[in-house]
Structures are given as C-alpha cells and as structure tokens.
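So the structure is just underneath, and the comments pick up after that.
The values are calculated or read from the model by the stated rules, or taken from the named source; none is laboratory data. What you are looking at is a predicted structure, and each value in this text was computed from that prediction instead of being measured. As a convention, Cβ positions derive from the backbone with ideal geometry for all residues, glycine included, and neighbour counts pool all protein chains shown. Only protein heavy atoms, including side chains, enter the accessible area calculation; ligands, DNA and RNA are left aside. Shrake-Rupley method; radii C 1.70, N 1.55, O 1.52, S 1.80 Å.
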Amino acid sequence: MNGKQSKAIVKKNHPLLAHFKRFYWLYVFLIPGLLSIYLFKLSPMYGLQLAFKDFSLAKGVWGSEWVGLEHFRTLFKSVNFLRVLKNSIVTSVLRLLWAFPFPIILALLLNEMKNEKYKRTIQTIVYLPHFISWVIVITMVTALLSKSEGVINTLIVACGGEKIDFLTSTKWFRPVLIASSIWKEAGWGTVIYMAALAGVDVQLYEAAMIDGANRWQRLLHITVPCILGTVTIMLIMKMGDILNNGFEQIWLLQNAPNKEIAEVLETYSYQVGLREGRFSFATAIGFFQSLVGMVMVFLSNFLSKRMGGNGLW
Amino acid sequence: MKRIVALFLATVMIMTALSGCGNTKPAETTGGTQTPVVDQSGESKESDATQDSDEPVKLKIMLHNVSAVPEGSIADQWSTILEEKLNLEIEWILPPASGYEENLQITLLNEDKPDVICFPTNWVYQTSFQDACESGMFYDLSDMLGKYENIMAHTAQMSWDSLDIFKDGRIWGVPRSSPARADGLWLRQDWLNNLGIEYTEGEFLTLDEFYDLMYAFTYNDPDQNGVDDTSGLMLFSEESGLLFPTIARIFHIGDGFPWYEMEDGTLVDLKYSKEYDYYKQYLTFINKCWEAGIVEPDAFAIDYAVALERDDQGRYGIRHGYPGNMPIGPEEGSGKEYVYCPGVVIDGDPIGTYTYGTTSTGVWYYYAISSTCEHPEKVLELFDYVLSDEQWVNLNGKSLINVGFTKDAEGNYDYSMTEQIAEKDKENGTNLATTSLINMFLRRSDGVEFFIDKSLTPEQQKHIADLIQETFDLHWEAKGIGYAPKIVTDPVFIEYKNYMIQEEAKIITGDKPVEYWDELLDGFYKAGYDKYKEDMIAYIESTK
C-alpha cells in the first residue's frame, strides 16, 4: 500500500468528514439560524459595555468613558430597586404558579376529547388570542374592567354590589395581569404539550386498558409521566426568565396608583433608559436581569437532574 | 433534485435572514460625532460638485401629531405647492403620536436621521438632546437665521431664548412659536340648561361652585337619559403618570412646574415649595373630588386619546380647553354645546385670580436640523416661505385656499369645499380632507388671529378673539425658562422624582393623607432638590 492510497483511505474513513459529506445540506439549513443568532443575539452584545460606561451620544459606544460598576451601584442604591426586584420576582412566581400549569391542563383536556372535529375547533379557538396584540388585549381588558363604563362593574352594580377599582388598585393588578396572560397565551402554550402527547405510545394505553385502568388512572400513570420531560424542560426555560415578565402587558396595565406593585425591571429599565435617555443605566439593568436568568437556568437544570429528572444538557 | 431544492431553500432562508441588515445610506459619521457639512453662514458646501441645480433637493422631515398625509389630500396638495415653489422633494416621516418620544430617542442613536426632526417642547431640557447638540448632531442656527425675515418677524423672542439651551447664544432649532396662555374650562351648556343652572360665559367660578357643578354633572343625570353614565370632569393621565393639571391650574401650579416671582420678589416653584401650601391645597381638593366620584374614575388608567373618545360619547360635563378650539353652537345630532369659563378662583387666595404659567412659554414643538442634512439653507427657506404672507392665508385658514376653502374680498371664509371632500371621504373611506399637516407644521406667534376658527361668523370670531385674549392676559409669566440645573441628570434626583409621582397618586386616591406630601418633600430636598432650588434661583437672579 503506497502513501497516496493510505491517505485516501484515511480521508474516506474519517467519520467526521463522512458525516459532513453525508449530511452537508442539513448543515446548510443551519446557516440561517446560526446567522440570525449571530446577528441578533451575539453581535449586539458589544453594547453590554455600556453598562460599565457613561454613554454619551457625542463619544459613541466605544469612545464613552469607563465608569466601572457605577451604574450597578446606582441601581442597587436606588429607592426603587428593591421594590422593583421584588415585584419582578413575585410576578414571575405567580405566573409560574398560575399561568405555567394552565396550558398543560388544557392540553390534557384537549387530548381526552374523542371527537376530532370538535377538538380541532376548540384548539383553533384557544389559539386565536395569541395572535391578538397586547395593545388590543389591554384595550379589551380596560373596556371590561373600567370603573366608569366597564361591563363587569356594571354587572356588579346591577347585582347590588359596589364598583371595584380593577385598573388602578394595587390589590387587583396581579389577578388582572395573570388572568389576561392566561387568556391570551394558555391556548398557544398547549402546542408543545399537544406535540408531546402525540408522541405517547398508544400501546401503553391499550395495555393499561386491558389491565383495567380507567381514564383517570391512564391520565395519571401514562400521559402525565410521558410528558414530564417536556414539562421539565419548559420549566427550566421559564426559570431563566424569572426576571422577565414581558414588557408590553405590564406597561399597558401600569399606572401611577398601581405602580408600587406593577413596576418590574423591564418597565423600569424602559422608563429610565429610553424615556429619560439614560442608556447606560438601562443596560446595567438588562445585564443584571440576564445574569440572574442565567444563574436560574443553571440552578434549575442542576436541581432537576439531582432529583432524577431531565435536564437541558 | 431534492438537494437542489434544499440548497435553493437554504439560500432563500439566508437571504431572508439577512434582509434588512443592509444600510441603504452610506455611513456619514464616525464615533458618534458628526460634523455639519455647511459653514456657519448657512451656505451649503456642495457635496456633489456636479449636482444638477434643477434637481429637487430631497428633505426628510419627521413630524409629531400628524397621523397621515394621504396622496391627493388637501395637506398633500399644500405640500406639493411648497415642493414646487422651492424645488424640494419632501418626505414626511410620521411616527405615531403615542410613543413619539421613544421614537426620538432611537432616532438620535440612529445614523440615518431625517434632515429635520420635530421635538416636543420639553426636549429642550432633555440630556439626550443637549448631548446631541454638543456632539454636533444638529446645526447651531444662530448665524444662519438672520437672513430669513419671515422666521425672525413671526417668532417671539422668548422662543429663541428657550432654544438657546446652553445659554451661550447658540440656537438649536426653529420653534413652532406660540403665545403663552392660561386655558380655562369648557362647560356643557346643554347640561346646564337641563339642570336649570345659570351661567354667563366669561364668569369665573368659585371653588365651591366648581365642585357643586361637577357634582351635579355626575349625579343629577344632566343628559336626562335615566342612566348614571356621566362624570363631572374629564381627567386623564399624562405620560409621566401625573394627572393632567386641569385642577392643579386652579392652584397656580402650572404646566411643567414653572418658577414664578411672587409679589414680595421671592422666586418659587409652587409644587415643591415648603413656604407656600398651594400644592397641598390642590391635593386636598382633588382627593375630595376623587372620593366623591365626581371626576373621571379611570383617570389614572386612561390617556388623552381615550379621554377624548369618552368626551365625544358625551361623558363629561367639564373639560379643560382653549377657547380657540371650542365648538360654537349645538353639535348636530347630539345637541352637545359648550360655554367657556375662563377659570376657577379660590376664596381668600392672596394671588386673587385664576392664573398659571408654563415652562414651555413661547415654544410649542420645535424643529432641529440634523447635521447630516446637506441643505440646511433649504430647510430654513422652507420655514421662511411657510411663514411668509403668501402662505399665511393657508396657515391662518388651516387649510389650502381654493382647495379646502375660499376667501372673499371682505375676508369671509367659506369651507364648503372641505365639507364636500369630507362627505366623499365618508363614502369612500378615504381621508382626503385632512389638513393636520398645515395646522401642525408652523405658526406665527403674533396675536390671536391664528387661533380663530375662520368658519365662524364675524361676530363669533370677535367673541372668541376676546376669550383668547383673556387667556393671554391670565397667563403668569414663568422665570428661568429653558434652564435646567445640572442636578436634573442625577440618577438619585430622577429616581426620587419618579417615586413621588406614584406616591402622589396615593394621596389623590386617599390611600395616604395629604400630610404625607411634607414627608415626600423632605425626601426630595434630600435627593437634590435643595441644590436644584439654589441653582435655579441663582440663574433667575442672574438674568434680571
């Protein structure tokens, strides 16, 4: 065997090369995704330096002066910081407790429907609110809950009750927030669980039926364990968003009387960043949010694996 | 074949992903610092020596409060006249009015800026704008303006003072100049009639009468429909979260919390003053109204646009307003009719009358010219022409002569042409009758003329002119306009000011007692207001 031949055999047999040669067009399909991640996620990261600089329009991002941790010190010393942080965490936890299980329950209910036509109709109806923008949803919420002309308050008064300040009271802010969030997103949230449910082996149900398991037992002992992996992954992803509450919905529902509990890090950073032109300070807030999110993802992934469940990696 | 299709699809996806990443205009700046391309005499240095002089100059103008200039509309035809006269090609950039300021912040960061940008008045105090001016992002117009006679003749000196933002003689924009005024209230005349309440136009109300009127408009079924669906006063939340100052004005607080010189010569901002308790009086009164349910109960949750919609539906008995905009006579269909009240006076008030000031004296929006604009002289030429006698007929008529209205030799206006266009708009779902561009672009500062609806009869015009004159007379001149002490950019100061807005809301809604305001004031002084006050007084004294 001469050298040329052996080189050719090595080249031919190299598993990585062979793999790329066989699947290269699949990798070509990866390029748009990777490019989009690079363009919209990685490349803007150079802007993170603003959190450590005193940004000036005159000097630009690179020319602005370094101020170290000054903006973080200002953030942590701010009269609003602890309140805003607490609001962000409480709102997120409430969302996890109420809004996270809702799509799972809805998916399980939809999965139990036997009439396919009816099931699809219901699915379409519950998906629809997802495509309505928050601006419209909040306009609807305002029209429903307005103290002066809202339908709900009109009903309450007709039943002999007193009008409730749904839109401006601190007591009602979170229930309204969570309820509107569930109404808008629960249906759409079922998509991923419906996909997971479709992957459950039908033979498991058949075997359970032969063994005499009723519907509830099949749900509890087959369906739920089978989608638990998906639920765990979704939960870990949600944990990464522990300080992200979504901007639009809260911003639109927020007003001076309920701001004490309505202001979260996103709205705060928008208020002090975009509206008051303090870009560095707003970047510092965003950076802090991302750091906490990252820690939460690692932590929940670790805990999930420690408890014998699935992890993201 | 499959692979070819796959490769094709992948290429399409890549191209889609990359679309929009391009920059259609070559970068003209480096490091965020921009250099004007004209010398300070206003003469353009031709960037392209071969430019054909017949070729129209392209201008991009970003406007506030103009939602559309549909092709073929009255506004569009006016725009075409300007273009033809001055050999321009104007592109109107019209961001939505809500969120305009956020749009501005982003525009300042963007390299591809419009040639002309309209700023709300309060931006003369904004750090971003000041920073942008210092960085050379906008032209200093001070040496260019002199030769534009119409701009100089029809702009109040105080407007130029406000746009001298560094107080060093440099001017950073062309103002939509405006006389300062103290607006009063529009009362529902038809509701007054229904309730048998007598009121003569032009009379001041006392605080008690004002309260009783709001009460009657809320609870005595003024529209006589048998349903509890009315509210005494239109009230809504401003972008800052504060309530619109309809009631605060009664207590002389003013718009934007101006500084006043009191009779004894002391300088004071009545909102944050510890020496005068007008703000606490305001908080006490508004809390009383809030708890009685006689002002819009959703005031904190709605903005001006929603409040206006509700007003259109006939919800409010009283609203703030300027006599120049007040509809005259009963509205067709609804029978809604207004009467103008110049204001509310407080019994025993040493100031003695309804009066307030504003920090935006003399400027009601202004235009800054980007340093990337290659022909700033054409922009100034455009402004000068719009303010000329030739165009004054259109500005004054707030439409386009012989297209939207006609004017006879006696000076009578006829708007039947606009009415016909509006009728067709209704049928076709178009918006060709729109004239908001003409109304919002620029105006002359001199006198009441501009503000009078020309479709009124001469007697009605005279009546409205008198009411407008009264708003000018009632205005309390503010001091130190356009000056902001350095502390306003201090994060602790800003944070506390924001915090006060939410805490103030608690006083209004009754969750905290009015005395809580003293506690908030103490905190604010500690957060830097004492320094602010000291600097502001020193500055005002220095200008005397």
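Just a few scattered comments:
- Dipole-positive endmost among B:Leu380, B:Gly254, B:Pro342 within chain B (Cβ charges, Cα centre): B:Leu380
- Two-site label geometry, B:Phe204 and A:Leu204: point separation in nm, points 7 Å out along Cα→Cβ: 8.1
- Helix B:416-428 axis, angle to chain B major axis (alpha carbon atoms, nearest 10°): 80
- Relative contact order [Cα under 8 Å, 6+ residues apart], region A:56-306, whole percent: 27
- Apportionment of accessible area to carbon and sulfur, region B:351-478, percent (1.4 Å): 49
- Helices of chain A meeting both criteria, an alpha-carbon length of 30 angstrom or more along the long axis and an average Kyte-Doolittle score not below -1.0, with helices taken as full DSSP H segments, are A:170-198, A:279-306.
- Total accessible area lost when A and B pair, probe 1.4 Å, Å² to nearest 100: 3900
- Dipole magnitude of region A:107-232 about its Cα centre (Cβ charges: Lys, Arg +1; Asp, Glu -1), debye to nearest 20: 200
- Three-way shape call for region B:77-184 based on the alpha-carbon gyration tensor, with the a/c threshold at 1.5: rounded
- Seen against the Cα atoms of chain B and their longest principal axis, helix B:2-18 is set at about 60 degrees.
- Amide hydrogen neighbours beyond the local backbone of B:Ile318, cut-off 5 Å, H modeled: B:Leu233, B:Met234
- Taking every C-alpha pair closer than 8 Å and separated by at least 6 residues, the mean separation divided by the residue count of chain B gives a relative contact order of 22 percent.
- Buried on assembly, region A:44-84 (at least 40 Å² less accessible surface than by itself, 1.4 Å probe): A:Leu57, A:Ala58, A:Val79, A:Asn80
- Between B:Asp349 and B:Lys462, the FRET efficiency estimated from the beta carbon spacing at R0 = 35 angstrom works out to 0.65.
- Those residues of region B:95-134 for which accessible area with every protein chain present is at least 40 Å² below the isolated value (1.4 Å probe): B:Glu102, B:Gln105, B:Leu109, B:Asp131
- Carbon + sulfur, % of accessible area of region B:132-228 - ligands and nucleic acids excluded, 1.4 Å: 44
- Phi angles across region B:371-383 convert, under the Karplus curve 6.51 cos²θ - 1.76 cosθ + 1.60 with θ = phi - 60°, into 3J(HN,Hα) values of 6, 7, 6, 7, 10, x, 5, 6, 5, 5, 4, 4, 4 Hz, Gly and Pro given as x.
- Rolling a 1.4 angstrom probe over the protein heavy atoms with all chains in place gives region A:180-238 an accessible area of 57 Å² per residue.
- Of the GluC sites (Glu not before Pro) found in region B:256-320, those in coil by DSSP whose Cβ has at most 10 other Cβ atoms within 10 Å are B:Glu263, B:Glu275.
- Accessible area per residue, Å², chain B with all protein chains present, probe 1.4 Å: 43
- Cα gyration tensor shape for region B:184-265, rounded if a/c is under 1.5, else prolate or oblate: oblate
- Close amide H partners of B:Gly184, meaning residues 5 or more places away or on another chain with modelled amide H under 5 Å apart, are B:Gly321.
- Region A:36-78, accessible surface, carbon-and-sulfur percent (1.4 angstrom probe): 66
- Accessible area per residue for region A:249-301, computed on protein heavy atoms with a 1.4 Å probe, is 29 Å².
- Sites B:Val227 and A:Leu128 - FRET efficiency at Förster radius 41 Å, r taken between beta-carbons, to 0.05: 0.80
- Principal-axis tilt of helix B:100-109 within chain B, Cα atoms, nearest 10 degrees: 40
- Global geometry of region A:56-306, whether rounded, prolate or oblate, following the gyration tensor of its Cα atoms and the 1.5 cut on a/c: oblate
- Whole-Å distance, taken between Cα centres, linking region A:166-229 and region B:220-296: 51
- Share antiparallel - DSSP beta bridges, the protein assembly as shown, percent rounded to 5: 65
- Drop in accessible area of at least 20 Å² in the complex versus isolated chain, residues of region A:237-256, 1.4 Å probe: A:Asn255, A:Ala256
- log₁₀ of I(q)/I(0) at q = 0.06, 0.09, 0.13 Å⁻¹ - chain B, Debye sum with one point per alpha carbon: -0.35, -0.77, -1.47
- For B:Tyr338, the residues whose modelled amide H falls within less than 5 Å of its own, excluding neighbours fewer than 5 places apart on the same chain, are B:Gln189, B:Gly329.
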